[in-house]
Amino acid sequence: MTPVAQMTPFSNEPFADFSQPQARSAAMGALLKVNAAAGREYRLWLAGEWQTTGDLLTSVNPSQSSQVVGRQHKATADLANKAVEDAWAFFPEWSQTPPERRAEFAFRTAALIRERKFEFDAWLVSEAGKTWPEAEADVSEAIDFCEYYARQMLRYASPEALLQLPGEKDEMVYLALGVGVIIPPWNFPLAIMVGMTVAALVAGNTVVIKPSSETPVIAAKFVELLHDAGFPPQSFALCAGSGSVIGDVLVEHPKVRFISFTGSRDVGLRINELAAKPRAGQHWIKRVVAEMGGKDAIIVDREADLEAAITGVVQSAFGYQGQKCSACSRAIVDEHVYDEFLANLQARVAQLTVGPAEEFTNNMGPVISSSARQSILNYIDIGKSEAKLLAGGGPAPGPGFFVQPTVFAGVAPKARIFQEEIFGPVLAVSRARDFQQALDMANDSTYGLTGAVYTQNPDKIRRARQQFFVGNLYINRKCTGAMVGAHPFGGFNMSGTDSKAGGPDYLLQFLQGQSIAEKL
Ligand code: NAP
């Protein structure tokens, strides 16, 4: 156990460099082990026991769709209810566990993920179709969340002194909330799940994890690790199963105090609506932390370093096949540099290689599933009717769910591919008359997650700071790749509740402040 007394200031976990033979051979060794476990069954962890139901969810490798990565037992509605009841029963004990002790479990979780980093990378390559550098960034972020939230909890455990009224002792303490349902997405299958879970646990809540049905094996591996890290076995439950079957059961349960959700706008809004209605026996207003979709824009000004802007757009649009909530799906380019931008962008996109995620030479792997690919291809068809196809425009060959990096030019602001989240490697490029019109176009969205501006003009940077309405604004850099501690993450508008994951205020969402005044 890492003693809290030996804690160093927080810093980000360094990334392995897969251009080096040593990292490559460690990665391939880990992948062999992961492949050897292909097809294994994973149980539910519920009510303090490993449980099976015989009703199995099959998870396949999106790079190689005939390969089964694993099979996960699915919870029934009864088991989902039991998971909440059991988590509620253990809440008094866990919430009274000293914060220092809870922080030590989080530090231990970070240490164990670090020890098994290449193995987790390999699970992400295999089950989520991440290339090695993308997997490494995801696993490193998971470590960062544990390290960061452990330190933040210690900060809340010793809050700032209040004004002391004469003849009184005045203080504020932070209490845990209760049982939280943790509902992560598949696109950061380790980092987001770990961050949401560990934040709630370290704050003294008990949790029921409802993982994404696309990446259940990564969730099962994490739950095994929570055991190894020493978190009390009743402080967490793994309640896998289809969101449409057990999601409502968990969200509506009267003993659930909060729901921590990351995923699509429509599911987030549904959870928010269901959670707002009090149920028989419920004693509180449920809190909903919902981080949702994006339609993120990069503005390229006439005074931009064009080369840097093109690099930023390509990385943000096509990293992890465009399946990041922060992905650039709109490039809004000043008409003075529009033609040059398009010509250079086209040349850069033509160099991108698409294929199995485990091959180091591929820039892009598959999209997550056959249905995701179909939905992306449908949007590509819509794009063909709305704008000019500049690159890509269809599936890419291979044994998995591959899609070509696709670029549309001359996209009008009211076009569907300008307004709707596609969640795939599809970039809409639009022309703006000037910087003000570019800002107005970028803000013409129901979302407001990330955005970036490339310009060398300080006055335009100032205007972007004032007017670009997004939760995470980047200037002269790409709009993906938020780092824990430096870029607290969360969006405006329909992008969510702006929880600012990886920031100093995040834990407050899983705590309630109690003010105590004692007459002396
Ligand atoms: P999703 O379809 O909304 O699913 C997210 C989670 O919700 C999954 O665990 C899913 O379970 C569950 N779910 C589905 N229906 C539910 C219901 N009725 N009740 C309770 N839970 C339910 O999203 P996704 O496809 O996994 O992720 C992609 C989306 O997440 C994109 O929109 C992306 O922008 C967004 N995202 C946002 C952020 C952010 O920080 N703002 C970060 C990452 C991703 P099943 O898998 O079993 O359906």
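Please treat every number below as a calculation from the coordinates, not as lab data. Model, not experiment: these values are computed from the prediction. Every residue, glycine as well, gets a Cβ built from its backbone with ideal geometry; the counts of neighbours run over all protein chains shown.
Counting Lys +1, Arg +1, Asp -1, Glu -1, what net charge surrounds Glu134 among other residues with beta carbon under 10 Å of its beta carbon? Intermediate values should be presented prior to the final figure.
Numbers: positive: Lys130, Lys324; negative: Asp121, Glu136, Asp138.
Summing Lys and Arg as +1 and Asp and Glu as -1 gives -1.
Please compute, over every Cα-Cα pair in region 367-417, the percentage with a separation greater than 12 angstrom.
61 percent
How compact is region 80-228 by the rule of thumb for globular proteins, expressed as Cα Rg over 2.2 N^0.38 Å? Could you put the intermediate results ahead of the total?
Numbers: Rg = 17.3 Å, N = 149, 2.2 N^0.38 = 14.7 Å.
Expressed relative to 2.2 N^0.38 Å, the Cα Rg reads 1.17.
Measure nothing fancy, just the Cα-based angle from helix 370-386's long axis to the longest principal axis of the chain, in degrees from 0 to 90, nearest 10.
It works out to around 40 degrees.
What share of the DSSP beta bridges in the chain is antiparallel, in percent to the nearest 5?
Numbers: 27 of 69 bridges.
Beta bridges within the chain, antiparallel portion: roughly 40 percent.
Aspartates and glutamates near Lys286 by alpha-carbon distance under 20 Å, same-chain residues fewer than 8 away left out - which ones?
Glu85, Asp86, Asp248, Glu252, Asp266, Glu273, Asp498, Asp505
Give me the orientation-averaged projected area of the Cα convex hull of region 109-183, in nm², one decimal.
The number I arrive at for region 109-183 is 7.4 nm².
For region 130-208 and region 378-426, compute the distance between their C-alpha centroids and round to whole Å.
Each part's Cα centre sits 37 Å from the other's.
Taking amide H positions as placed 1.01 Å from N in the peptide plane, with prolines and chain starts having none, which residues 5 or more places from Leu449, or on another chain, fall under 5 Å of its amide H?
Those lying under 5 Å, H to H, from Leu449 are Lys295, Gly471, Phe492.
Taking only Cα atoms, what is the 0 to 90° angle, nearest 10, from helix 306-318's long axis to the longest principal axis of the chain?
Result, in degrees: 60.
Using R₀ = 56 Å, calculate the FRET efficiency as 1/(1 + (r/R₀)^6) where r is the Cβ-Cβ separation of His336 and Glu49; round to 0.05. Display every interim value, and only then the final one.
On the way: r = 66 Å, r/R0 = 1.17.
Efficiency, rounded to the nearest 0.05: 0.30.
Ratio of region 332-389's C-alpha Rg to 2.2 N^0.38 Å, to two decimals? All intermediate terms of the calculation are to be shown ahead of the outcome.
Values: Rg = 14.8 Å, N = 58, 2.2 N^0.38 = 10.3 Å.
For region 332-389, the normalised Cα radius of gyration comes out at 1.44.
As a quick test, which of the pairs Lys82/Lys221; Lys33/Lys500; Lys210/Lys500; Lys82/Lys210; Lys478/Lys500 have an alpha carbon distance above 25 angstrom in this structure?
Working: Lys82/Lys221 22 Å; Lys33/Lys500 36 Å; Lys210/Lys500 21 Å; Lys82/Lys210 14 Å; Lys478/Lys500 19 Å.
Too far apart for the 25 Å limit: Lys33/Lys500.
Would you mind listing how long region 208-268 runs along its three principal axes, going by Cα atoms, in whole Å with the largest first?
That works out to 35, 27, 17 Å along the principal axes.
For Asp305 and Asp266 in one chain, what is 0.36 nm times their gap in residues minus the Cα-Cα distance, to one decimal in nm?
Numbers: separation 39, 0.36 × 39 = 14.04 nm, distance 3.75 nm.
Extra length available between Asp305 and Asp266 comes to 10.3 nm.
Of the listed peptides 473-482, 456-465, 353-362, what is their order by residue-averaged count of other C-beta atoms within 10 Å, with the highest listed first?
Working: 473-482: 19.4, 456-465: 14.5, 353-362: 17.6.
Final packing ranking: 473-482, 353-362, 456-465.
Given Lys169/Lys519; Lys388/Lys414; Lys295/Lys460; Lys117/Lys324, which pairs have Cα atoms separated by over 18 Å? Walk me through the numbers before you get to the answer.
Numbers: Lys169/Lys519 7 Å; Lys388/Lys414 15 Å; Lys295/Lys460 22 Å; Lys117/Lys324 21 Å.
Pairs exceeding 18 Å: Lys295/Lys460; Lys117/Lys324.
What's the extension gain from Arg416 to Gln456 if we count 0.36 nm per residue and subtract their Cα-Cα distance? Before the final figure, lay out the partial values.
Values: separation 40, 0.36 × 40 = 14.40 nm, distance 3.11 nm.
Full-extension gain reported as 11.3 nm.
Starting from the Kirkwood Rh over alpha-carbon pairs, what translational D in µm² s⁻¹ does region 296-483 have by Stokes-Einstein at 37 °C and 0.692 mPa s? Can you show the working numbers first?
Working: Rh = 16.2 Å.
Answer, rounded: 203 µm²/s.
Using every alpha carbon pair in region 227-382, what percent of pairs falls into each 5 Å bin from 0 up to the bin containing the largest distance?
So the P(r) values, bin by bin, are 1, 7, 11, 14, 13, 12, 11, 10, 8, 6, 4, 2, 0.
How big is the antiparallel share of DSSP beta bridges in region 296-483, given as a percent to the nearest 5? Please report the intermediate quantities before stating the final value.
Details: 4 of 26 bridges.
Close to 15 percent.
So, in nm, how far is label Ala157 from label Thr97 when the simple model puts each one 7 Å beyond its Cα toward the Cβ?
It is 1.2 nm.
Pop the C-beta distance of Leu175 and Gln20 into the FRET formula with R0 = 35 Å and round what comes out to the nearest 0.05. Let's see the in-between values first.
Details: r = 47 Å, r/R0 = 1.35.
The computed FRET efficiency comes out at 0.15.
What is the helix-to-structure angle for 21-36, meaning the angle in degrees between its Cα long axis and the longest Cα principal axis of the chain, kept from 0 to 90 and rounded to the nearest 10?
Once rounded, one gets 60 degrees.
Looking at the P(r) of the chain, how many percent of alpha-carbon pairs lie beyond 41 Å? Kindly include the intermediate steps, with their values, before the conclusion.
On the way: 27695 of 134940 pairs.
Roughly 21 percent, rounded to a whole number.
Mean shadow of region 386-495, computed from the convex hull of its alpha carbons, in nm²?
Values: hull surface 33.8 nm².
For the Cα atoms of region 386-495, the hull's average projected area reads 8.5 nm².
Rounded to the nearest 0.05, what FRET efficiency is calculated for Gln514 and Phe10 with R0 set to 30 Å and r the Cβ-Cβ distance?
Details: r = 27 Å, r/R0 = 0.90.
So, using R0 = 30 Å, E works out to roughly 0.65.
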